[in-house]
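Derivation of every value follows stated rules applied to the coordinates shown; laboratory data play no part. Keep in mind the model is a prediction, meaning the values are calculated, not measured. Please note: Cβ atoms are built from the backbone with ideal geometry, for glycine as well, and neighbour counts cover all protein chains shown.
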Amino acid sequence: EEAAPVFQYAGRAAKRKHRVFVWGFCFAGALGLPSFVRPDAGWKKPRRVQTTPYRLETEEKISSAACGYGFTLLSSKTADITKVWGMGLNKDSQLGFQRSRRDRTKGYEYVLEPSPIPLPLEKPQQTRVLQVSCGRAHSLILTDSEGVFTMGNNSYGQCGREVVEDEMYSESHLIHQLKEFDSRVVQVVCGQDHSLFRTKRGTVYACGWGADGQTGLGHYHITSVPTKLHGDIAGVNIIQVSSYGDCCLAVSDEGDVFGWGNSEYLQLASVTETTQVNVPRHLPFKIGKIKEAACGGTGNVVLTEEGNVFVWGYGILGKGPNLIETAVPEMIPPSLFGWSDFNPDVRVAHVRCGLSHFAAITNRGELFVWGKNLRGCLGTGRMEDQYFPWRVTVPGEVVDVACGVDHMVGMVKSFI
Amino acid sequence: VRGPRFRRLKMGAGHRLDAKASGVFVLGIGHGNKLLTDLYHCHLTKVYTVGGLFGKATDDFSDTGKLVEKTTFDHITREKLERILAVIQGTNHKALLVHSNIDMKSQEAYELAVKGMIRPMEKSPPIITAIRCLQFTLPEFQLDIHCLHETQQYLRKIVHEIGLELKSSAVCTQVRRIRDGVFTLDDALLRTQWDLESIRNAIGNCKLKVQAEIEKTLG
């Protein structure tokens with residue numbers, strides 16, 4: 001027994017590996033797994049929905065991911081030439097121009113594998129991509145020194161350039177670059193058909209469709225040039241903006257939350273009875289200092305400094321089937337996120353929102369989801385809706401998650 | 001009339017305990033056997049102290065088995081072990097909710113989940129309700145495990161699987177049951193105390209506790 005050989009599987013300085021997991025609806029190609037759509041072996045069958053997290057192999061460590069309506073963007077902070085990969089729907093060139101291999105003059109309408117997106121950078125080996133964001137048919141890419149790149153549908157000016165009548169967005173090579181802001185842009189957010197930009201100084205710019213007031217510029221028309229927002233956020237240092245549907249939320253450094261846009265589902269009913277708000281309004285909630293906010297299609301969620309999660313709006317909010325709508329934020333009990341007498345120091349670290357579902361990540365790296373389970377987007381392994389937070393089993397510690405309409409992408413660190 | 005006081009006694013045993021394990025073992029005498037079945041239907045959790053050793057893997061997961069493999073373990077830290085334990089607890093918590101046979105879409109399920117009172121009230125696979133690390137000095141470690149419907153061999157298998165997750169291997173050195181439902185180590189009788197007086201006192205002390213628990217759970 002003493003003479004048996006000793007095996008070493010992991011050394012003392014073994015680094016934790018970064019992995020990407022995807023789950024949800026496969027047929028649009030948004031998961032980046034081509035064998036689910038076009039099986040490459042005889043025994044494989046096409047898989048319509050991937051109900052549990054599935055590993056996606058990537059060449060580089062992915063630092064930011066965003067899920068749009070049927071497509072996904074992944075980006076890495078590398079200094080290589082290829083920094084952004086896209087997969088899924090490309091009918092409006094929201095993934096740039098993907099040249100077809102069969103016919104060099106045409107582009108792909110559906111991209112089934114993570115394919116590199118060529119960006120017209122001036123210094124491709126120095127600029128780093130910080131963040132990506134996806135909307136219904138357009139996408140935004142934020143770099144550290146070359147501004148913001150926009151691609152995709154521009155019929156409402158959401159790409160920040162003039163609307164051209166009868167423009168053909170499919171198979172378009174055009175990637176627009178936006179540089180004129182009062183200071184460096186640090187966060188980009190895509191709503192359904194509008195775009196929001198947050199700068200280092202704490203100001204917010206918007207462009208795109210405004211029929212619900214989601215641009216917050218005081219009118220209900222479209223804007224094709226990013227314009228600064230005023231209203232209740234004038235002079236306030238905004239530290240986070242969020243939007244996914246037609247409602248927008250912004251959090252200031254003092255813990256206040258401001259909202260504008262669609263209010264048909266009681267998202268802003270605490271300040272006004274109108275269904276559209278086109279100027280940012282302060283939401284006077286007495287729930288404590290707010291750290292992070294996330295906006296969904298019909299419901300909103302905020303995270304306070306103490307680690308409590310509050311939800312309001314319409315839909316499956318996470319407090320059982322009886323709570324369908326509320327205008328005032330309701331707290332989700334921390335015991336549903338794993339807090340108990342045995343584990344008193346578990347608290348929620350991040351909240352994210354998809355179109356009709358929510359996600360929360362705890363400080364232990366566990367992912368909880370709840371909401372409407374559209375085509376398996378929750379990742380619980382079942383196809384039923386989830387009325388209270390449910391743990392998703394991911395083989396690793398979840399660092400961040402991106403929620404889309406019918407799929408989700410998780411960035412995970414391995415345990416050892 | 002002269003003769004021994006008790007000639008025949010009907011005895012029943014509670015939850016099984018291995019030959020290699022130690023700790024609290026509940027027995028029922030005479031009319032107590034009916035209480036034993038009621039206690040079984042209460043499905044209360046049991047608490048074990050499980051000792052483990054990193055560095056080797058054996059075929060029956062304990063340190064007296066045949067050696068299968070030896071591995072290094074100097075990369076393991078307490079933080080990594082606690083991460084793995086948190087995940088085990090999370091997946092077992094999910095199993096708890098799934099096997100409790102309550103419809104997840106009902107308001108009742110939400111309310112019970114908030115209070116943390118969801119529990120399977122019938123036969124189910126072994127579930128760990130809570131697990132944490134008590135001591136950690138390489139290569140040995142000790143875990144405190146609260147579980148339902150388990151066997152001691154299952155706990156030894158969990159120790160082996162923890163070793164595998166940490167990219168090393170582990171064997172179980174000690175399994176000791178500290179609590180079985182309402183009975184704790186303080187109520188248990190030592191080998192030296194197996195005589196009529198102590199047994200009678202012990203039964204008297206536990207009577208109220210058992211009755212209260214059965215009433216609370218089975219109504």
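Note down the magnitude of the dipole of segment A:1-103 about its Cα centre, charges +1 on Lys and Arg C-beta and -1 on Asp and Glu C-beta and zero elsewhere, to the nearest 20 debye.
Working: 18 positive and 9 negative charges, 59 e Å.
Once rounded to the nearest 20, the dipole reads 280 debye.
Can you give me the Rg/Rh ratio for segment A:70-180, using Cα atoms for both radii and the Kirkwood formula for Rh? Show your work: numbers first, answer last.
Values: Rg = 13.3 Å, Rh = 14.0 Å.
Result for segment A:70-180 is an Rg/Rh of 0.94.
Hey, what angle do you get for helix B:78-99 against the long axis of chain B, alpha-carbon based, 0 to 90 degrees rounded to 10?
Approximately 50 degrees, to the nearest 10.
Under a plain spin-label model, where a point goes 7 Å from the Cα along Cα-to-Cβ, how far apart in nm are A:Glu113 and A:Phe342?
My value for the distance between the label points is 4.5 nm.
With just the Cα atoms defining each centre, how far is segment A:331-387 from segment A:62-109? Give it in Å.
Segment A:331-387 and segment A:62-109 have Cα centres spaced 29 Å from each other.
Given the alpha-carbon gyration tensor of segment A:59-363, what are the semi-axes of its equivalent ellipsoid in whole angstrom, ordered largest first, with each equal to the square root of 5 times an eigenvalue?
Values: eigenvalues 211, 99, 68 Å².
Equivalent ellipsoid semi-axes, largest first: 32, 22, 18 Å.
Among B:Phe136, A:Phe7, A:Phe368, what is the fewest-to-most ranking by other Cβ atoms within 10 Å? All intermediate terms of the calculation are to be shown ahead of the outcome.
Working: B:Phe136 15, A:Phe7 12, A:Phe368 25.
Arranged by neighbour count, lowest to highest, B:Phe136, A:Phe7, A:Phe368 become A:Phe7, B:Phe136, A:Phe368.
Any chance you could get the radius of gyration and Dmax over the Cα atoms of the protein assembly as shown, in Å?
Both quantities, over Cα of the protein assembly as shown: 29.4, 114 Å.
Under 10 Å, Cα contacts only: if you run a Gaussian network model on chain A, which one of A:Lys44, A:Lys319, A:Lys123 comes out with the highest mean-square fluctuation?
Sorting by GNM fluctuation, first place goes to A:Lys44.
For B:Asp180, what charge total do you get from the other residues with a beta carbon under 10 Å from its beta carbon, if Lys and Arg give +1 and Asp and Glu give -1?
Values: positive: B:Lys46, B:Arg177, B:Arg179; negative: B:Asp187.
Charge balance in the 10 Å sphere: +2.
Taking a spot 7 Å from the Cα of B:Arg8 along the direction of its beta carbon, which residues of segment B:18-61 have an amide N less than 14 Å from it?
Those under the cut-off are B:30.
Which value in Å does the Kirkwood hydrodynamic radius of chain B take, with 1/r averaged over all unlike C-alpha pairs and then inverted? It would help to have the intermediate numbers written out before the result.
Details: mean 1/r = 0.0513 Å⁻¹.
Answer for chain B: a Kirkwood hydrodynamic radius of 19.5 Å.
Please compute the modelled spin-label separation between B:Lys94 and B:Thr77, points set 7 Å along Cα→Cβ, answer in nm with one decimal.
Going from the B:Thr77 label point to the B:Lys94 one covers 2.7 nm.
So, counting K/R as plus one and D/E as minus one, what does the shell of residues with Cβ under 15 Å around B:Lys105 add up to? Each step should come with its number before you reach the end.
On the way: positive: A:Lys319, A:Lys372, A:Arg382; negative: A:Glu384, A:Asp385, B:Asp103, B:Glu108, B:Glu111.
With Lys, Arg at +1 and Asp, Glu at -1, the net is -2.
Note down the nm distance, to one decimal, between modelled labels 7 Å out along Cα→Cβ at A:Glu180 and at A:Glu59.
3.7
Checking the table A:Lys77/A:Lys179; A:Lys77/B:Lys80; A:Lys106/A:Lys200; A:Lys77/A:Lys291; A:Lys61/B:Lys115; A:Lys44/A:Lys83 against a 29 Å threshold on Cα-Cα, which pairs fail? Display every interim value, and only then the final one.
Values: A:Lys77/A:Lys179 20 Å; A:Lys77/B:Lys80 27 Å; A:Lys106/A:Lys200 40 Å; A:Lys77/A:Lys291 25 Å; A:Lys61/B:Lys115 40 Å; A:Lys44/A:Lys83 32 Å.
Pairs exceeding the cut-off: A:Lys106/A:Lys200; A:Lys61/B:Lys115; A:Lys44/A:Lys83.
Lys/Arg Cβ at +1, Asp/Glu Cβ at -1, dipole of chain B taken about the Cα centre: which of B:Gly28, B:Leu148, B:Leu112 is farthest positive-ward?
Toward the positive end, the furthest listed residue is B:Gly28.
Binning at 10 angstrom from zero up to the longest distance, how are the C-alpha pair distances of segment A:44-126 distributed in percent?
Histogramming segment A:44-126 at 10 Å steps yields 16, 44, 34, 6, 1 percent.
For segment A:1-140, compute the orientation-averaged projected area of the C-alpha convex hull (one quarter of its surface), in nm².
Numbers: hull surface 53.8 nm².
Seen from a random direction, the Cα hull of segment A:1-140 projects 13.4 nm² on average.
Can you tell me the orientation of helix B:196-218 relative to chain B, as the angle in degrees between its alpha-carbon axis and the longest Cα principal axis, to the nearest 10?
70
Could you tell me the distance between the Cα centroids of segment B:79-140 and segment A:242-304, to the nearest Å?
Spelled out, the Cα-based centre of one part sits 35 Å from the other.
Restricting to Cα pairs below 8 Å that are 6+ residues apart, what does the relative contact order work out to for segment A:59-363? Please round to a whole percent.
On the way: 862 pairs, mean separation 31.3, N = 305.
So the answer I get is 10 percent.
Could you list A:Asp212, A:Asp103 in order of exposure, starting from the residue whose Cβ has the fewest other Cβ atoms within 10 Å?
Numbers: A:Asp212 24, A:Asp103 8.
Going from least to most buried by this count: A:Asp103, A:Asp212.
Can you tell me the dipole magnitude for segment B:11-218 around its Cα centre, using point charges on the Cβ only (Lys, Arg +1; Asp, Glu -1), in Debye to the nearest 20?
On the way: 27 positive and 25 negative charges, 15 e Å.
For this selection, approximately 80 debye.
Rg(Cα) of segment A:337-400 divided by 2.2 N^0.38 Å? Intermediate values should be presented prior to the final figure.
On the way: Rg = 11.8 Å, N = 64, 2.2 N^0.38 = 10.7 Å.
Dividing the Cα Rg of segment A:337-400 by 2.2 N^0.38 Å gives 1.10.
Sorted from fewest to most neighbouring beta carbons within 10 Å, what does the list A:Met168, A:Met331, A:Met87, A:Met411 look like?
Working: A:Met168 9, A:Met331 13, A:Met87 26, A:Met411 20.
Result, fewest neighbours first: A:Met168, A:Met331, A:Met411, A:Met87.
Can you tell me the Rg and Dmax of segment B:114-219, counting just the alpha carbons, in angstroms?
17.6, 52
What's the angle, to the nearest 10 degrees (0 to 90), between helix B:32-42's Cα axis and the longest principal axis of chain B?
Taking the Cα atoms of chain B, the angle to B:32-42 is about 40 degrees.
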